[in-house]
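Novice: One structure coming up, written as structure tokens, with questions to follow.
The values are calculated or read from the model by the stated rules, or taken from the named source; none is laboratory data. Because the structure is predicted, anything quoted here is derived from the model rather than measured. Quick reminder, even Gly has a Cβ in these numbers, built from the backbone with ideal geometry, and neighbours come from all protein chains shown. All accessible areas refer to the heavy atoms of the entire protein, side chains included, with ligands and DNA or RNA removed. Shrake-Rupley method; radii C 1.70, N 1.55, O 1.52, S 1.80 Å.
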Amino acid sequence: MATEKIGTLEFCSALNGDDPIQAITFLERFVETIRRERVEAFSEESHTIDDTDDDTDDDDFVETSESLPPRKKIKLDSWKLDTKSYNVPFVGTSTYKGSCGEVRRGEWPTGFLEAYLEQSPKAMEILGNGTGESPLLPPHGSLYKALLTGKDTAGKNLSVKMHMLYIQALEEIATCAIPNAVAKQQVLKLGLNFCGNDNFLNSQQCTANLEKQIQVKSSYHQLVSTIMKNIVSDLYTVLNNEFSNTGIQSQLIVEAVLTTLSQLSLTSVGAAREVVRGLDSNVKDGVLGRIAPYKIKEKDNVIVENKQLKRDNVELMKFAAFLNLSSIFLESDDTMIASYVISPGVKTTKTKPGIVYLTFRRVFDANTFQKRTQRGSSRRRAKYHKSLHRLLFAVQDTLMSSDDHGKGMSSRHSISIRSLIGMLHGDVLENLIRISHLVIAGDHSENQSIINFQNSCKLMIRTLLCDSERSPFLRQLQSVSASESTMSSCKAQISRCIQVLLSLSKNMETRIFILSCFNMNPSIFSSFFRIVSVPSEPTPSFSCLSMYSLINFLIDKGPSTWSITDDEFWKSSTEKAVMHIMPRALTKNTLTKALQSSNSLLVLESLKLIGSVMKRLEFFINDVNSSPRGKIMCTSITDYLRKRLPDLQVLLSTRSRFDPFVGDANKAQGINFIVTMQVCEVIRRYISMFKSVIMSLQFDWIKILPESAELFCSVPLSLQNRVLRTLASIYDCYESLGSRSNTMATPKGFGVFSSIMIQSCDSHIYGLSRNLAMKSIQSVMKNVQRDDSVQFLDEELTLWIDVIDSDTIPTFCKLLEVSQAITVQHAVIL
């Protein structure tokens, strides 16, 4: 950057002269001076301005000193020599170079730009005479012709540099019509003065409000009108001509054009609309798609050569300009502009896709994002990430902002939900989730910009998945006019995103967030269970165990079953209705393999999962069983789930493999104790929901208890309680079915239960075992006694049980067996 201040007269003289080298020099100083002074005007004194941000060094266009056209040698008289280094046209005299301007903080334009516009109100040195003709403008500008004389490539390179500087000068001229508040926000958003947190204001705070801002001079608006009328069309031509050229010079020119269009769009909403229309009508099909940040292929490697580093820096500059232009369109807070920039385009009507739509399809790719963090300088990458953050913030603030009363979208936004969904559908949301969980190394300033962008990604994900007032997907699900295919598509999109999120983060915070998504929108729950993947071959690995634990958590804490009984539920098939209770990927074969595993953790998680399914089925039946169609649905779902869950024999074999009563009693307090507790709970729920399975099962339920009552009473009370409660539920099931195959209703059963009753020192266990013993002897004696004496039997049996002890139990059981045998023999004879 030049250290000497530039004056208005010398600047005008240089551009009005016939020396292209001097014109290039002063154009460069002009652009640098205005950019520096704009930062000074809106930055605090404590902030240091970093002006080492220029990647457009002369190496890209050939050094000026090496490209001077050959001149004839002229002999100068001695009196004409500047021996005292006055550096003025005539020795011993001085020349006034014009005003340099004075920078006033908080105002724009100020400094040299204000001084120049006072000297030349129509900026004819840059804009020309108002007919679109300028000595700087190719291909007929006089200064261009001077550089292109001859066949040397140096002149051609300098002409390209002059073209770029001319476009940058247009950009700085256009800033004069930008309101102060908007100009200040651009300085902060682009990070021109300092690097730090991206404190973006919302669209209402940063949009120009001409009634509240200092009025911009009409002459400044006239300059913008001149640019829009006579010069902008040439900028679109530049985009059409340079978009396919991958050279550094062409990339810098494209970046300058995009930045100029951004500054013009900031002057007013009308100018932004004109720019949008111009991009639609004057830019060829596919040009914006080629300029937008592209996806980096897997085979592309990072090259660290100096030339490649410079190329990457320039590419990041162009991409950042493209992103900033997209953000400015959204920040204009205009429905017409927003509708265009997010439009996916229609081939049949030859409608081009919008610039924001292209950006979302190209930029938000996790693999590309990670690889691009390794390209270019750290400063360029930081600004690129800051531009990404700005765009994401603008999309969330402008397109998904709610009204002041929290009743949904703001009235000023009439953008269709379909357009918003079209911009975000597919892999966009999934890539946002992946990007938000990437871990990328870099220096402090770059890490801060990446962290800010990732936090913005997380905030947008939270909005899209959980905020029913702002998310276009959730609003579509609440729409009455939405078709069934549209609803299914939205549910599938959200379900895939939730699955990706859970695959990257399985911590409790993520689970609670996902649970809140399901509770606020219960219809997504079944859609997620329809696509969620579960390992078909259960193994004692972390991924398998964590997935079982996650599904168990969602089933147990998921949305209540009464919230899913809408019209869609009643119209659905049994297979679809079951998705509200358990995932499709959980099959009978998978769960059976898990229960048969030798790993206790896998068996335990499987039992917990089955128990949660049974518990949710019980709640479902209680909620929908009140109506006739509800009873039919409950019957069909119960039968379907019985076929999807493991057989009862598998559960019983699991208990025998993890028997807590075998060996040392201390094992009962270990994993065998926990597994047996869970097995008993699952069996109890099986018997409650699938009563018919007990009829076809030939099993001696007394084998669940150890042979020694003393051993049973030595295990923890919680295990004793769980086992006895399970046996009591089984006993009640046999009685409700009128079955006589109950092995507990025998003298042997009475002996076991009465022994536990006598050995137990706990009142609760005593009561449970006494009730079971009472039921057992009642079942035996009712088959022995005559009908006229049954009414006195209960009182007599109570006396027997209360006085029995461990010595009389064997004799009493033998008498019961003899009586039972005589009764059976008598029945056979009859």
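Novice: Of all residues in region 433-452, which are open to solvent by less than 20 Å² (accessible area, probe 1.4 Å) and at pLDDT 85 or above?
Specialist: If the condition is that a residue be open to solvent by less than 20 Å² (accessible area, probe 1.4 Å) and at pLDDT 85 or above, then I433, I435, S436 are the ones that fit.
Novice: Can you tell me which residues in region 469-528 are within 22 Å of W562 (Cα to Cα) and of a type in the set (S, T, Y)?
Specialist: S479, S488, S495, S516, S523, S526, S527
Novice: Sticking with this structure for a sec: Applying the selection to region 515-561, what residues are in contact with a helix residue (DSSP H, G or I) (Cβ under 7 Å, 6 or more places away or on another chain), open to solvent by 60 Å² or more (accessible area, probe 1.4 Å) and among the polar types (S, T, N, Q)?
Specialist: Matches in region 515-561: S536 only.
Novice: Which residues, counting only those in region 681-699, are part of a helix (DSSP H, G or I) and either open to solvent by less than 20 Å² (accessible area, probe 1.4 Å) or at positive phi (or both)? Don't jump to the end; show me each part of the working.
Specialist: We begin by selecting, within region 681-699, every residue part of a helix (DSSP H, G or I); these are 681-689, 691-694.
Scanning region 681-699 gives V682, I683, Y686, I687, I694.
Novice: Given (1) open to solvent by 10 Å² or more (accessible area, probe 1.4 Å); (2) under 24 Å from D556 (Cα atoms); (3) assigned to a helix (DSSP H, G or I); (4) not charged (D, E, K, R), identify the lone condition not met by S468.
Specialist: Result: S468 fails condition (3) only.
Novice: Restricting to region 361-385, count the residues that are crowded, with 24+ Cβ neighbours inside 10 Å and either under 21 Å from D280 (Cα atoms) or in contact with a Pro (Cβ under 6 Å, 6 or more places away or on another chain) (or both).
Specialist: The qualifying residues number 1.
Novice: Next up: Would you tally the residues in region 570-597 being open to solvent by 70 Å² or more (accessible area, probe 1.4 Å) and closer than 17 Å to T676 by Cα?
Specialist: Going through region 570-597 one residue at a time, the tally reaches 1.
Novice: For S516, indicate whether it is in contact (Cβ under 8 Å) with a residue 40 or more places away in the chain and in a loop (DSSP other than H, G, I, E, B). Let's see the steps before the verdict.
Specialist: On the way: in contact (Cβ under 8 Å) with a residue 40 or more places away in the chain: yes; in a loop (DSSP other than H, G, I, E, B): no.
Considered against the rule, which asks whether it is in contact (Cβ under 8 Å) with a residue 40 or more places away in the chain and in a loop (DSSP other than H, G, I, E, B), S516 comes out as no.
Novice: Given the condition closer than 17 Å to M579 by Cβ and open to solvent by less than 10 Å² (accessible area, probe 1.4 Å), answer yes or no: does some residue in region 598-609 qualify?
Specialist: Of all residues in region 598-609, those closer than 17 Å to M579 by Cβ come to 609.
Next, only the ones that are open to solvent by less than 10 Å² (accessible area, probe 1.4 Å) stay: 609.
Yes, that holds for at least one residue.
Novice: Now a separate question. Of (1) open to solvent by 50 Å² or more (accessible area, probe 1.4 Å); (2) over 20 Å from F518 (Cβ atoms), S636 satisfies all except one. Which?
Specialist: Result: S636 fails condition (1) only.
Novice: Looking at (1) in a helix (DSSP H, G or I); (2) within 23 Å of M614 (Cβ to Cβ); (3) not basic (K, R), find the lone condition where I702 falls short.
Specialist: Against the list (1) in a helix (DSSP H, G or I); (2) within 23 Å of M614 (Cβ to Cβ); (3) not basic (K, R), I702 comes up short only on (2).
Novice: When you go through (1) farther than 18 Å from M579 by Cβ; (2) charged (D, E, K, R); (3) in a helix (DSSP H, G or I) one by one for D659, which number turns out not to apply?
Specialist: Against the list (1) farther than 18 Å from M579 by Cβ; (2) charged (D, E, K, R); (3) in a helix (DSSP H, G or I), D659 comes up short only on (3).
Novice: Kindly indicate whether V428 is modelled with pLDDT under 85 and either among the basic types (K, R) or surrounded by fewer than 22 Cβ atoms within 10 Å (Cβ to Cβ) (or both). Show your work before the answer.
Specialist: Details: modelled with pLDDT under 85: no; either among the basic types (K, R) or surrounded by fewer than 22 Cβ atoms within 10 Å (Cβ to Cβ) (or both): yes.
The answer is no for V428.
Novice: If I go through region 759-791 residue by residue, how many of them are under 21 Å from E817 (Cα atoms), at pLDDT 55 or above and not small (G, A, S)?
Specialist: Count: 11.
Novice: Can you tell me which residue in region 122-135 is surrounded by the fewest Cβ atoms within 10 Å (Cβ to Cβ), limited to those that are modelled with pLDDT under 70 and closer than 18 Å to K161 by Cβ?
Specialist: Residues of region 122-135 modelled with pLDDT under 70: 130-135.
The next check asks that each one be closer than 18 Å to K161 by Cβ; those that pass are 134-135.
Numbers: S134: 24, P135: 22.
For region 122-135, the residue satisfying everything is P135.
Novice: Give region 100-124 a look and list any residue that's assigned to a helix (DSSP H, G or I), of a type in the set (D, E) and within 50 Å of the chain's Cα centre (by Cα), or say none. So that I can check it myself, show each step before the final result.
Specialist: Initially, region 100-124 is screened for residues assigned to a helix (DSSP H, G or I), giving 111-119, 124.
Next, from what is left, pick out any that are of a type in the set (D, E): 114, 118.
Within region 100-124, just E114 meets the criteria.
Novice: Could you tell me which of the residues I694, I702 is of a type in the set (A, V, I, L, M), more than 19 Å from H764 (Cβ to Cβ) and under 51 Å from the mean Cα position of the chain (by Cα)?
Specialist: Details: I702 fails: under 51 Å from the mean Cα position of the chain (by Cα).
On inspection, the qualifying residue turns out to be I694.
Novice: Right, here's the next one. Given the structure, is E315 over 19 Å from I291 (Cβ atoms) and of a type in the set (D, E)?
Specialist: Values: over 19 Å from I291 (Cβ atoms): no; of a type in the set (D, E): yes.
The answer is no for E315.
Novice: Does V287 count as of a type outside the set (D, E, K, R), at pLDDT 85 or above, touching a Leu at 6+ places or on another chain (Cβ under 8 Å) and open to solvent by less than 10 Å² (accessible area, probe 1.4 Å)?
Specialist: When the stated conditions are applied, V287 passes them.
Novice: Still on this model: From the list L719, L652, L711, pick out the single residue that is part of a helix (DSSP H, G or I) and crowded, with 19+ Cβ neighbours inside 10 Å.
Specialist: Values: L652 fails: crowded, with 19+ Cβ neighbours inside 10 Å; L711 fails: crowded, with 19+ Cβ neighbours inside 10 Å.
After applying the criteria, what remains is L719.
Novice: Quick one: what pairs do we get from region 715-743, first residue farther than 23 Å from H764 by Cα, second exposed (fewer than 15 other Cβ atoms within 10 Å of the Cβ), C-beta under 6 Å, 6+ apart or different chains?
Specialist: T743/D700
Novice: I've got another one for you. For the list (1) farther than 16 Å from I342 by Cβ; (2) open to solvent by 10 Å² or more (accessible area, probe 1.4 Å); (3) modelled with pLDDT under 80, I need the number of the one condition that H413 fails.
Specialist: (1)
Novice: Any residue at all in region 224-247 that's on the phi < 0 side of the Ramachandran plot, open to solvent by 10 Å² or more (accessible area, probe 1.4 Å) and within 31 Å of the chain's Cα centre (by Cα)?
Specialist: Within region 224-247, not a single residue is on the phi < 0 side of the Ramachandran plot, open to solvent by 10 Å² or more (accessible area, probe 1.4 Å) and within 31 Å of the chain's Cα centre (by Cα).
Novice: For residues that are free of Cβ contacts under 8 Å to residues at least 60 places away in the same chain, under 15 Å from D732 (Cα atoms) and hydrophobic (A, V, I, L, M, F, W, C), tally how many sit in region 681-701. Spell out how you get there, then give the answer.
Specialist: Going residue by residue through region 681-701, those that are free of Cβ contacts under 8 Å to residues at least 60 places away in the same chain are 683-684, 687, 690-701.
Within this subset, residues satisfying the condition of being under 15 Å from D732 (Cα atoms) are 683-684, 687, 690-695, 701.
Imposing the further condition that a residue be hydrophobic (A, V, I, L, M, F, W, C) reduces the set to 683, 687, 690, 693-695, 701.
Qualifying residue count, region 681-701: 7.
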